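Below is one structure, written out as structure tokens; the observations come after it.
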Amino acid sequence: MEHVYDLVILGAGPAGLSAAIYAKRAMLDFVILEKWLPGGEIANTFEVENYLGVNRLSGMELANNMVKHAEDLGVKIISDPAENVDFSKDIKKIVTETNTYYTKTVIIASGASPRKLGVKGESRLSGSGVSYCATCDGFLYKNKVVAVVGGGDVAVEDAIYLSRMCSKVYLIHRRDELRAVKSLQERMFKLPNVEVKWNSIVEDITGENFVENVIIKNKETQVIENLAISGIFIGIGHSPNVDFLKDEVKLDEGSWIITDELLQTNIKGVYAAGDIRVKNLRQIVTAVSDGAIAVNEITKYL
């Protein structure tokens, strides 16, 4: 007879790791499956300074601390991502490339991935000057000219980070004001080597083998401008990692998972936590909270 777990956690970011810690303390029989590296998207964040108890820490350091916390408690993280699932019965089935897991409950904490611009040249030059992670690739552009696309926290953080090593940073934003928190905006506007291109959209990213130029258009004036750059960093938000679900749970129009206030989906015994679900604020603190709440409800359900 196949082994049936109490819980399978899909994803080892802050939500999944928080859930694992609470599941361990509740003495549940569980496993946590991760697609990439444990720690989630925060590992790609240059600096975290809004998480209670952490005055200032790099995203990589905080991610490593979270992973170590879980592993010190005996949590084993398996690199074996879900490829498809079946939630139609009381015992849920999760199929990976190498295994099939059976479980009474599930926490979907698979997070979100950087959104693509969808413009000419982006796919062709991805990894050759087109990047979605400034803290991963920024060091490659020391003393060079680069561009960042976006107007939220991530894009402005990227511009600030890149300004420390690059000779010039263009911030390309489609509106006439930024969405980033005011404290980040103030820091960026003080930097002499950051120039904002307002009301502008990317039309094309060009270059033979590596990025050489970005073609932008001003939405107000319709003026086309060619910026000579060596790299471009896309920071326009994220899309939920839900491909493996195959419509097994209810999603909103943006494909984010719909839950109730106790984090249960429309399927009994299936919960969602962290950035993957419909919520007003996607931050580390809310992801960690989600993981704790989900396990608390699961212990009652079991």
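Quick note: the coordinates plus some simple rules give every number you see, no bench work behind them. From a predicted model like this one, the values you see are computed outputs, not experimental measurements. Positions of Cβ are generated from backbone atoms using ideal geometry, with glycine treated the same way; all protein chains shown enter the neighbour counts.
Can you compute the modelled spin-label distance between Lys144 and Thr206, with each label point 7 Å from Cα toward Cβ, in nm?
A separation of 1.9 nm, rounded to one decimal place.
If you plug each phi of region 233-250 into the Karplus form 6.51 cos²θ - 1.76 cosθ + 1.60 with θ = phi - 60°, what whole-Hz ³J(HN,Hα) values come out, in order, with x for Gly and Pro?
10, 8, x, 10, x, 9, 10, x, 8, 10, 4, 6, 6, 6, 6, 6, 10, 6
Quick check on the chain: of the DSSP beta bridges with both residues there, what percent are antiparallel, nearest 5%? Working shown, then result.
Details: 26 of 60 bridges.
Counting DSSP beta bridges with both partners in the chain, the antiparallel share is about 45 percent.
Please give the charge dipole size of the chain, origin at the Cα centre, charges +1 on K and R Cβ atoms and -1 on D and E Cβ atoms. Round to the nearest 20 debye. Each step should come with its number before you reach the end.
Values: 34 positive and 40 negative charges, 88 e Å.
The dipole of the chain has a size of about 420 debye.
Enumerate cysteines in the chain without a disulfide-compatible partner, where compatibility requires another Cys Cβ under 4.7 angstrom.
Cys166
Taking a label point 7 Å from the Cα of Cys136 along the Cα→Cβ vector, which residues of region 239-263 have an amide N closer than 14 Å to it?
239
Please give every one of the lysines within straight-line cross-link reach of Lys279, meaning a C-alpha to C-alpha distance under 17 Å, and leave out same-chain neighbours fewer than 8 residues apart.
By straight Cα distance, Lys279 reaches Lys250.
Give the lysines whose C-alpha is closer than 17 Å to that of Lys68, dropping any in the same chain fewer than 8 places away, or say none.
Lys24, Lys76
Going highest first, how would you order 137-148, 44-55, 268-279 by mean Cβ packing within 10 Å?
Working: 137-148: 18.4, 44-55: 13.8, 268-279: 24.7.
Ranked from most to least packed, the peptides come out as 268-279, 137-148, 44-55.
For the pairs Lys144/Lys217; Lys35/Lys268; Lys268/Lys300, flag any whose C-alpha to C-alpha distance is greater than 19 Å.
Lys144/Lys217; Lys35/Lys268
Between the helical axis of 59-72 and the dominant principal axis of the chain, each derived from Cα atoms, what acute angle in degrees is found, rounded to the nearest 10?
10
Using 0.36 nm per residue of separation minus the Cα-Cα distance, give me the extension gain between His3 and Asn266 in nm, one decimal.
Details: separation 263, 0.36 × 263 = 94.68 nm, distance 2.53 nm.
Full-extension gain reported as 92.2 nm.
Run the helix sum for the chain: -39,500 (n - 2.57) per DSSP H stretch of 4+ residues, divided by residue count, reported at 222 nm to the nearest 500 deg cm²/dmol.
Values: 6 runs with 67 residues, N = 302.
Per the formula, -6500 deg cm²/dmol.
Compute a Gaussian network model of the chain, connecting alpha carbons closer than 10 Å, and tell me which residue from Glu212, Glu97, Glu225 fluctuates the most.
Highest fluctuation of the listed residues: Glu97.
5 Å is the cut-off here: which amide hydrogens, built 1.01 Å from N in the peptide plane, fall below it relative to Thr96, excluding neighbours closer than 5 in sequence?
Long-range HN contacts for Thr96: Glu83, Tyr101.
With θ taken as phi - 60° and the coefficients 6.51, -1.76 and 1.60, list the Karplus ³J(HN,Hα) couplings across region 96-113 in order, rounded to whole Hz; mark glycine and proline as x.
Running phi through 6.51 cos²θ - 1.76 cosθ + 1.60 with θ = phi - 60° gives 10, 5, 10, 7, 10, 10, 10, 8, 7, 9, 9, 10, 8, 9, 7, x, 9, 10 Hz.
Using θ = phi - 60° and the Karplus curve 6.51 cos²θ - 1.76 cosθ + 1.60, what whole-Hz ³J(HN,Hα) does each residue of region 14-27 get, with Gly and Pro shown as x?
Rounded to whole hertz, the list is x, 5, x, 5, 4, 4, 5, 5, 5, 5, 5, 5, 7, 6.
Under unit Cβ charges (Lys, Arg +1; Asp, Glu -1), what dipole magnitude, rounded to 20 debye, does region 130-234 have relative to its Cα centre?
About 320 debye.
Along the positive direction of the dipole of the chain (beta-carbon charges: Lys, Arg +1; Asp, Glu -1; about the Cα centre), which of Leu263, Val48, Leu251 reaches farthest?
Val48
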